[in-house]
Each structure stands twice: as C-alpha cells, then as structure tokens.
Amino acid sequence: MTQVAPRGPLAFRLIMREDGIARELGGELTQAVSETDFLLRKALDLGASDIHLQPERNRMLVRYRIDGIMHDVGQLSIDIVPNILARLKLAAGMHIDERREPQDGRIDMEYGTRKLSARVSVLPMLNGEKMVLRILDPVGARVELDKLGMPPDVLQKWSQAIQSAYGMVLVTGPTGSGKTSTLYASINKLDRTRRNIVTVEDPIEYEFADHITQVQVTERMTFPRVMRAFLRQDPDVMMVGEMRDPESLAIGIQASLTGHLVLSSLHTNNAVETIGRMIDMGGEPYLIASTLQAVMAQRLVRTICLNCKQPYQPPRDELIEIGLNPDAMQGKTFYKGAGCEQCRKTGYRGRIGIFEILVSTPELREMIARRATIGEIYEYARKKQQMRTMLEDGHQKIFAGLTTPREVFTAVYSTMTSGLTPGMENGGLG
C-alpha cells in the first residue's frame, strides 16, 4: 500500500489534541508515516465509512467498508505494523504501550480543505491488536431530509411530526440503516435559535455548528442520567441517540408528557412492531398512546452506479422473493450496474433509504390504549393510512432505476419474515 503522501492542495495532516490545543502530529517522513497517511487518504477518496486493520498470522489485512459492504483493499508489512498502530494510537490519545485492554479514542485530520474525524477502537485479539476507525465527516451533520430518498408523502408526514410542540418521534431499524442521519437531518429542520435543543449520543458522530448542546454517553454519564439532567436544563427538544432500556423509555415518555419533543431511535423490524417493543420495555399503553407522534422504519439500499448502469432482465426467482409477479412485470425495464473502475466492479455507488411511516391519529391512539394486536394495528395502517411498507418503497425505487431487486431483498428480508408482509398489490403474488 506504500505511496508517498502528497504536499499541496490535497495534503493530508493528522491532528493531535493536547489540553484542548490542536497541533499537527509530526514525525519524520518514514515508511510507517507515509503508509498511515496513505491508508487514511485512500479511504477518504473511496468514500469508505470504516477502516479495519485486522491482524492475521503473517500479515495485517486492510479492509474498507464502502456503501455498507466490506472490501479487502490490501495488506501492510508486518514489520511496520507496530509503528503504524503507535502513530494512530498517539493521534487518538490512547496509551501506546497498552496492548492487553480495549481502548477507544478519536482522531482529527485534515485532507485538503476537508476537516474530518475518526472514532477509533482497538481490541486485543489472537494475532495482535485489531483497530477499527469509523470516519466521521461533518458534511453528514448538514444532510437535508429531502436528500435521504423519502417519498413525498412520507417526507411530508415526517416533517409535520418533527414540528410537533411535544411528544415522541421515533425512527427504527437495525445498526447501519441510516437512523442517525435521519435524526441529524430532522434536527436541522428545527428552529435552533428560538428553541433549546439538547442531544445525548453514544457516540457523538457529528458536531453541530451552533446552538445545540451535545453530550457523549460514558460509563458514568448513562442515557438515563443525562436525560434526567436535561430536564433541569430547560429543553424544548431532546434528541436521544437510542432508547436502550426501560429507564430511558420511561424518562422519554415523561419528558413528552411534560411538554418536550423527544426524537429517538429503537431497534425494531418495522414501524408497527415499534409499539409492541415499547410495551415490552415497560411502557404503559395509555402513555404511549398519549405521547407517540410518529414512527418511521428505514433501511439503506445501494444505488446503481450511473457510469455502468445498463438494462437487464432479473431471474424469475429474484422477482418472486421480493413479492413481484414475474408475469406481471413483462415489459418493465430493470437496471443493474455492469461494474467499472468508478464502483470498484460492484455495480453500485452510493446508498439511498427506503422508508415506511406510521403516524398518530385518534383511532391509532385508541387501538394502542386498548392493547390492540400488532396485526390489527398493521391492518389499520394499511387501510386507513395507506401506509406503504419499506418493501413497496423498494419496489418503487427499483422501477425508477435506482436499485436492484436483489439489493431490496437483502435490505428488507427481516421485515418480510416477520409475518407483516402485505399481499403484494400492483402485480404481486397476492
């Protein structure tokens, strides 16, 4: 992976912070220094979200996560690995000589005109220490809601929900489904000059420019403890990175009841199941009914590379597995990426969200309060709110030539196996 770091418009610098003072991490331009800078620059050039330095018996494997998928991109000479790890640990404020305990830290860096950070985790393992860096680009904090891929009706409902004076607005999905981006984009829609907005996150992935108080969770500063402290800080809006336990949920509900707007996330398969999950976590149905404003479930699917996009005919089983009737799809044009240098031969470049939303109504509140079954709530949402599922949103993005049937199946498979998949209208199997 050796390549000399450039000097000029695309110069790369690691920034070290000591006692609140930032300075460039110096050192002679050795092979270890140039290798370290190169693997970080390469990750930024490729748009990677994570860098994995994985020790194996006779090598250090370098892997990047790009568009949610892991890629092997090279290996480092075992002779210089200790020096590379030491440089990264030093930049992250870690103990260089600690090799028996996990460590966490944060690296700041500059690449040309870009100022970025990386969250760093080191874990001792069989063949040495594995280091994972999650790249954090401040551009992510400025993402706009209408750039996430929400259909117009979903965008309208979500935008109305986050403008509520009080209540709970939740986004759900597994790790890596884009929940944090949605929450940050939602915060950007709020009036931060006339409202006191506070966030508690684990970790803080992006720093807002102004007017927002952000608190990092630690072993002593837990979600419940920080949330209780927030209530004495005169907040209008609380963003809670994740409702992880019954105590956090209870405080969030109480905050909603006392006139605060609470934005948070949960791990559930779909929007409707979120209600059952809240009850399982100890939330009283009548309190959930009184406070819940909206729940949106989402996933991320890779988008087809525009440079090598071409028509193709998907196999019948590929259509059947996402609920499309192959006979009804005759005449429709599907697309995929052939694979090129720009997309690293994957056929995909970038990602977009697929969404479903459930909003609070008098009928829904009554159903929650009387402990209606998930099936009853799902039927109500489909018939009365015309809720489209994530799978159906995926269908629309396939027909628009944005992604492929296989990609949608991979993203929503857990939802399809939960028993709440609709009988597919619009040419479905019914």
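The values are calculated or read from the model by the stated rules, or taken from the named source; none is laboratory data. A quick note: this is a predicted structure, and the numbers were derived from the prediction, not measured. Ideal geometry is used to build each Cβ from the backbone, glycine not excepted, and the neighbour counts take in all protein chains shown. Areas reflect the complete protein model, heavy atoms only, side chains present, ligands, DNA and RNA absent. Shrake-Rupley method; radii C 1.70, N 1.55, O 1.52, S 1.80 Å.
A few remarks follow.
- Residue count for the stretch 103-120, restricted to those that are out of contact with any Phe, Trp or Tyr (no Cβ under 9 Å at 6 or more places or on another chain) and in a strand (DSSP E or B): 12
- Taking the stretch 337-367 as the range and being open to solvent by less than 80 Å² (accessible area, probe 1.4 Å) and more than 27 Å from Thr180 (Cα to Cα) as the test, the residues that pass are Gly337, Ala338, Gly339, Cys340, Met367.
- Residue within the stretch 184-194 that is in the same structural domain as Met387 (by the TED database), in contact with a helix residue (DSSP H, G or I) (Cβ under 9 Å, 6 or more places away or on another chain) and of a type in the set (Gly, Ala, Ser) present: yes
- Restricting the stretch 124-137 to residues that are modelled with pLDDT under 90 and under 21 Å from the mean Cα position of the chain (by Cα), the residue that is least open to solvent (accessible area, probe 1.4 Å): Leu136
- Index of the failed condition, Tyr184 passing every other in (1) touching a Gly at 6+ places or on another chain (Cβ under 9 Å); (2) over 28 Å from Asp37 (Cβ atoms); (3) part of a loop (DSSP other than H, G, I, E, B): (3)
- When Val262 is tested against (1) open to solvent by less than 10 Å² (accessible area, probe 1.4 Å); (2) modelled with pLDDT under 95; (3) over 28 Å from Lys115 (Cα atoms), just one condition goes unmet, and that condition is (2).
- Residue match in the stretch 111-123 (condition: in the same structural domain as Tyr64 (by the TED database), at pLDDT 90 or above and more than 26 Å from the chain's Cα centre (by Cα)): no
- Test for Arg344: is it part of a loop (DSSP other than H, G, I, E, B), under 26 Å from the mean Cα position of the chain (by Cα) and within 30 Å of Asp72 (Cα to Cα): yes
- Any hit, the stretch 138-148, residues being farther than 25 Å from Gly259 by Cα, at pLDDT 90 or above and in a helix (DSSP H, G or I): yes
- Residue match in the stretch 200-207 (condition: open to solvent by less than 10 Å² (accessible area, probe 1.4 Å), out of contact with any Asp or Glu (no Cβ under 7 Å at 6 or more places or on another chain) and assigned to a strand (DSSP E or B)): yes
- Qualifying residue in the stretch 280-292 (condition: in a strand (DSSP E or B), closer than 30 Å to His395 by Cα and modelled with pLDDT of 95 or more): yes
- Residues that are assigned to a helix (DSSP H, G or I) and open to solvent by 40 Å² or more (accessible area, probe 1.4 Å) within the stretch 386-408 comprise Gln396, Phe399, Arg406, listed in sequence order.
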